[in-house]
Amino acid sequence: MENGTDYKKIEKTAKRKKTVVSTVTYVLLTVWAVIVLFPFYWMILTSLKSYGAYNSEYIPKFFTLSPTLQNYADAFTTVSLGRYLINTTIFTVVTTAIMLFVITFAAFAFARLDFKGKNIAFLVFLSLMMIPNELVIITNFVTVTNLDMRNSFPGLILPSVTSVFYIYLLKENFEQIPDSLYFAAKVDGTSDLKYLMKVMIPISRPTLITITILKVIECWNSYVWPRLITDDENYFLVSNGIQEIRENGFGRENIPAMMAAVVVISVPLIVLFLIFRKKVMEGVSRGGTKG
């Protein structure tokens, strides 16, 4: 009886400790979630306040009883936000599509094909990651300027159509595919291109989806290069267009209208990530696991 009683006490103590640990964990996660999400809440709240209501608040309020969508209407009528969104969409879609084509064939060559000096070439290729971005930007700027491609979509797109990191990530994923599949396909007379399209790409789809999403986010948030290579408003992207909106659109004082524009710019990326978040995590884990 005593052993049974002692066992029950130990079990109750273990459950109590587990409950305490779980409670503390959830409390900390809740506090962290509030800290992370509060800026987004404040951005949306501010965008729903009128200019007069916002300026009349001597003490910021954490809610509004009279929300308005006028700021969102002004974001498309007062300034060229629609044009900036179209430009950014074109830049993002074309850049991502070309990059996927380039890195897929490059990763396939390094992962599956045998050619003289492959390992040395890949090592040299990886060493490019050590070059500071500032030096690359200067070189690209001089090249694009000499080719007279400033204020054009080719000038925006071409310097971003490849990535050493994405090639490395996809190469590691390709190398996880058993060699036996490749040799069996070659025995059946399958060409390298057909093997890539029919076998490797379908198996590596999670990683490709991850790379696509990361590249879309990178292009959408791109600021330095578009700001450097364009001074024509017709080619502004949302990242550098928002600065133009602040300086020559709503003005520095109209914070609610600015927040409305920022919300419109941020929503596509947030929705994209929420839809494909599981694929992103799966792709990263597959790319980082060997064997």
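The values are calculated or read from the model by the stated rules, or taken from the named source; none is laboratory data. Remember, it's a predicted structure, so these values are computed and weren't measured experimentally. Please note: Cβ atoms are built from the backbone with ideal geometry, for glycine as well, and neighbour counts cover all protein chains shown.
Assorted remarks:
- Test: residue in region 19-42 that is over 30 Å from residue 269 (Cβ atoms) and either loosely packed, with under 10 Cβ neighbours inside 10 Å or in contact with a Cys (Cβ under 8 Å, 6 or more places away or on another chain) (or both): no
- Candidates 221, 248 - the one that is modelled with pLDDT of 85 or more, surrounded by fewer than 20 Cβ atoms within 10 Å (Cβ to Cβ) and not β-branched (Val, Ile, Thr): 221
- Any hit, region 159-176, residues being among the small types (Gly, Ala, Ser), under 31 Å from the mean Cα position of the chain (by Cα) and either closer than 30 Å to residue 235 by Cα or at pLDDT below 85 (or both): yes
- Criterion: exposed (fewer than 13 other Cβ atoms within 10 Å of the Cβ) and in the same structural domain as residue 83 (by TED's automatic domain parsing) - qualifying residue of 164, 124: 124
- Just one residue in the set 137, 131 is modelled with pLDDT under 90 and within 30 Å of residue 261 (Cα to Cα); that residue is 137.
- Single match in 68, 92, 64 (criterion: in a loop (DSSP other than H, G, I, E, B), touching a residue at least 12 places away in the same chain (Cβ under 8 Å) and more than 16 Å from residue 254 (Cβ to Cβ)): 64
- Within region 103-111, not a single residue is on the phi > 0 side of the Ramachandran plot and either among the acidic types (Asp, Glu) or modelled with pLDDT of 85 or more (or both).
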